[in-house]
Amino acid sequence: MITPNPPALADLYAGAPCWAELPVTDLAATTDFYTGLFGWEFVDDRGYTVATLDGVPVAGLPHGTALPEQYTAWTLFLHTRHARATAEKVFALGGQVLRNPTPAIDHTQSTVVLDPTGAVIGFRHVPPDWRFGTTGHGAFAWAELNTRDGAAADAFFKELCHFDVMQIGDGHTVDYTVWSVDGKNVLGRQRMGRRLFPSDVPAHWMVYFTAAPEIGADSVANRVLELGGRITVEPYDTPYGRVTEVQDHAGEAFSVIDSSRAVPLTDDDRGSEVDDPYDD
């Protein structure tokens with residue numbers, strides 16, 4: 001299937017996103033939803049379902065296996081050169097290892113961990129010819145950690161992944177940091193605001209998928225409703241694009257961003273609230 005704005009291959013450097021997985025119990029319903037939403041096609045790789053766009057892998061749908069309780073939503077994997085060493089370092093820095101490093105039939109080795117603030121993240125060692133589609137319509141766009149302890153998260157991932165940390169906003173009214181490697185922005189970290197995050201919502205990662213300018217975030221949100229999902233945050237404008245947060249047919253959350261609809265970042269935005277519903 002030809003999609004608008006087809007995906008590009010992700011750069012494979014340490015700490016960069018290299019995969020996204022959604023563990024599923026009803027594979028048929030999940031493939032129907034994401035085919036209808038993004039035009040994903042699916043191939044079976046020896047029992048592991050891979051979602052593709054224009055033949056480029058964009059996500060995995062593991063199913064029928066026992067999984068840790070925390071590992072049930074969209075899970076981001078970051079590239080690591082040594083999955084076992086990363087797991088050991090996570091433990092040494094105060095995190096937990098939910099899934100010990102295990103080799104897979106696709107010549108990768110992955111571990112799933114819990115950072116000290118309580119959010120699940122994966123790390124994966126991949127071969128040089130690994131393919132992960134990004135930026136195209138329906139492909140991975142961005143991810144950010146929502147946590148109540150931003151300082152602890154920044155310190156943990158800076159030590160673990162050697163990220164450079166840049167503060168966006170004043171750190172109080174707006175507390176958002178961007179993590180980068182060698183000048184390349186990799187991930188975001190956002191302090192969970194009291195207004196929209198009840199106290200029982202744990203720290204978690206939000207995975208963003210791309211909406212092509214020809215389609216837009218609003219149209220994707222409407223399509224989510226048609227396919228039996230929910231809009232949890234109506235489309236809104238940010239300096240990085242037009243964003244909406246939704247849930248699929250099974251209630252799993254993700255966000256969609258149309259980066260062509262970015263609004264200018266003013267000097268006032270840098271030290272005060274922007275049009276972002278996650279701020280306090």
Practice prompt. Would you check if there is a residue in the stretch 160-176 being open to solvent by less than 20 Å² (accessible area, probe 1.4 Å), β-branched (V, I, T), within 23 Å of T244 (Cβ to Cβ) and not in a loop (DSSP other than H, G, I, E, B)?
Written response: no
Worksheet item: In this structure, is D106 over 16 Å from S180 (Cβ atoms) and among the acidic types (D, E)?
Response: yes
Practice prompt. Would you please list the contacts, defined by Cβ atoms under 6 Å and residues six or more apart or on different chains, that run from a residue in the stretch 36-57 that is in a loop (DSSP other than H, G, I, E, B) to a residue that is hydrophobic (A, V, I, L, M, F, W, C)?
Written response: G39/M1; W40/A51; R46/I105
Fill in: Number of the condition not met by P127 [criteria: (1) under 21 Å from S180 (Cβ atoms); (2) modelled with pLDDT under 95]
(1)
Worksheet item: Can you find even one residue in the stretch 194-205 that is within 20 Å of S259 (Cα to Cα), touching a residue at least 12 places away in the same chain (Cβ under 8 Å), more than 17 Å from the chain's Cα centre (by Cα) and open to solvent by 60 Å² or more (accessible area, probe 1.4 Å)?
Response: no
Practice prompt. Return the pairs, sorted by first residue and then second, in which the second residue is open to solvent by 60 Å² or more (accessible area, probe 1.4 Å), the first residue lies in the stretch 216-234 and is among the small types (G, A, S), the beta carbons are less than 9 Å apart, and the residues are 6+ apart or on different chains.
Written response: G216/S260; G216/R261; A217/R261; A221/E234; G228/H249; G229/R223; G229/H249; G229/A250
Worksheet item: Among A143, A152, which is in contact (Cβ under 8 Å) with a residue 24 or more places away in the chain and either in a strand (DSSP E or B) or open to solvent by less than 20 Å² (accessible area, probe 1.4 Å) (or both)?
Response: A143
Worksheet item: With R84, R124 as the choices, which residue is more than 26 Å from F197 (Cα to Cα) and open to solvent by less than 20 Å² (accessible area, probe 1.4 Å)?
Response: R124
Discussion item. Being touching a helix residue (DSSP H, G or I) at 6+ places or on another chain (Cβ under 6 Å), closer than 30 Å to L27 by Cα and either buried (at least 20 other Cβ atoms within 10 Å of the Cβ) or modelled with pLDDT under 95 (or both) is the requirement here; does A217 meet it?
Written reply: no
Worksheet item: List, please: which pairs have Cβ atoms under 8 Å, are six or more places apart or on different chains, and start with a residue in the stretch 106-135 that is of a type in the set (K, R) and end with one that is part of a loop (DSSP other than H, G, I, E, B) and crowded, with 17+ Cβ neighbours inside 10 Å?
Response: R124/T80; R124/T108
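The values are calculated or read from the model by the stated rules, or taken from the named source; none is laboratory data. Everything numeric in this text was worked out from a predicted model, so none of it was measured. FYI the Cβ positions are ideal-geometry reconstructions off the backbone, even for glycines, and counts take in every protein chain you see. In case anyone asks, the SASA skips ligands and DNA or RNA and just uses the protein heavy atoms, side chains included. Shrake-Rupley method; radii C 1.70, N 1.55, O 1.52, S 1.80 Å.
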